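Working notes, structure below.
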Amino acid sequence: MAELVRKLLRKPALRISRLFTSNPDAESVNKELDKLYRASLSQDRARNRTTTLQLKKDQRIVIFSDQHKGDGGGADDFAAARASYIDALKYYNDRDFFFINLGDCEELWKFDIENVFKTHQDAFGAERLFAKRKAFFKVFGNHDMFWNQGWALSKNAHILLERPNTHFLQKIYGCDVPIYEAITVKIALEPEKELQFFCTHGHQGDGQSDGNRFSVWFINNIWRPLQNFLKVNINTPANDSSLKSKHNRIMYEWSKKDPERILVTGHTHQPIFNSLTHIERLFLKLYQAEMQHDMQAVSTIKKEIPRRLKEYETINAEFQDMRPTYFNTGCCCFSDGTITGIEIADGAIRLVKWSGREGKSVRVVAEEEKLENLWQYLHKGLLKMVS
């Protein structure tokens with residue numbers, strides 16, 4: 001009987017949840033991102049919660065976001081992906097990567113931070129290794145926004161804990177961990193060539209996802225118990241895809257205004273590479289395969305497109321002419337245990353996936369572009385969008 005009720009309630013519950021996930025407005029998003037970017041250029045970066053990371057060409061960085069670490073129960077979206085996440089961080093720490101944790105790292109609309117910490121000490125321990133090397137950068141999002149406040153909040157969203165959040169971060173990581181709203185990563189390719197990646201969570205200007213009191217109350221008191229009962233993770237590629245696509249389009253339009261800057265966000269849980277979703281890149285690859293008369297590639301891509309179309313409600317009609325100025329990490333809480341992120345290493349930028357296979361976590365490079373090609377396109381318009 002309970003399973004029948006779950007089946008009947010699952011779809012209407014997901015529709016209701018959309019009201020509290022994302023409602024982006026282009027004017028508001030542009031205004032807030034403009035404000036944040038100007039702050040990143042100011043002299044008083046500490047007050048503005050921004051910083052700049054200058055990397056040499058041979059240094060490496062990985063960017064993950066949207067873990068939404070919870071309490072280990074049925075409403076903990078991170079639980080299924082925890083093993084892949086920990087294995088991925090071990091891989092990157094062993095190779096001396098820098099690590100940007102790009103927001104919504106903890107799910108603090110639904111859970112008490114102390115319970116989250118107790119449940120996921122192994123994941124925090126994997127992050128701590130980067131912090132000890134001074135290679136860890138933590139950005140706040142909308143679901144963990146109180147890291148940017150003077151005091152951490154309890155699960156009831158109105159009772160202050162006894163300690164300031166900076167003190168609690170020291171307890172978690174064993175050292176001082178600054179909190180940022182944006183990080184600018186500058187990578188020197190040559191003395192006269194530099195790529196600039198402006199990294200922020202991406203919730204700015206999104207009124208329904210800014211941590212407002214009603215949304216927090218709904219998530220904590222209504223959605224959390226319902227999610228526990230329904231045993232459903234809303235963070236799957238198919239759910240809310242129209243709203244995610246809308247937000248990504250707004251982010252892309254903002255990013256392309258400045259040819260010197262590449263925007264990297266999370267928030268939507270939808271991976272974006274070179275400003276394109278996976279389905280848009282498939283259509284672009286199909287077009288190029290047909291132009292090259294590569295019939296084997298055409299056949300392979302045509303078989304994959306119908307399956308992928310189920311995950312996307314919209315396709316940007318201008319996908320063949322989009323500038324590669326926007327990247328999105330995706331998330332670390334897909335219901336099948338997969339995590340996605342952005343690597344910048346070995347002269348390339350990559351969209352990577354980590355998934356469990358036969359008890360092991362496997363890294364797959366989903367997309368890759370040479371940094372030199374990216375620089376050439378941004379400055380001279382020479383990059384082919386699929387290399």
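Before moving on, here are some points about what is shown:
- Likely footprinting exposure, 322, 295, 145, 251, fewest C-beta neighbours within 10 Å first: 295, 322, 145, 251
- By the rule of a C-alpha distance below 12 Å, with chain neighbours fewer than 8 residues away ignored, the aspartates and glutamates paired with residue 257 are 34.
- When the listed pairs 285/360; 57/132; 56/134; 31/56 are checked against a 21 Å cut-off, the alpha-carbon distance exceeds it for 285/360; 57/132; 31/56.
- Around the amide H of residue 356, modelled in the peptide plane, lie the amide H atoms of 362, all under 5 Å away and 5 or more residues distant in sequence or on another chain.
- Residue ranges 74-83, 177-186 sort as 74-83, 177-186 when ordered by packing (mean number of other C-beta atoms within 10 Å per residue, highest first).
- Extension gain from residue 296 to residue 193, taking 0.36 nm per residue of separation minus the Cα-Cα distance: 33.3 nm
- Cα-based reach from residue 186 at 16 Å (exclusive), listing aspartates and glutamates while leaving out same-chain residues under 8 positions away: 58, 194, 258, 260, 343, 346, 372
- In terms of the mean number of neighbouring beta-carbon atoms within 10 Å, the peptides 53-63, 339-349, 255-265 order highest first as 339-349, 255-265, 53-63.
- Sorted by Cβ neighbour density within 10 Å, fewest at the top, the residues 193, 246, 134: 134, 193, 246
- Look at 254, 375 and count the other Cβ atoms within 10 Å of each Cβ; fewest to most, that gives 375, 254.
Any read-out appearing in this document is the output of simple, stated calculations on the displayed coordinates, not a laboratory observation. Just so it is clear, the model here is predicted, and its values are computed rather than measured. Positions of Cβ are backbone-derived with ideal geometry, glycine not excepted, and every protein chain shown enters the neighbour counts.
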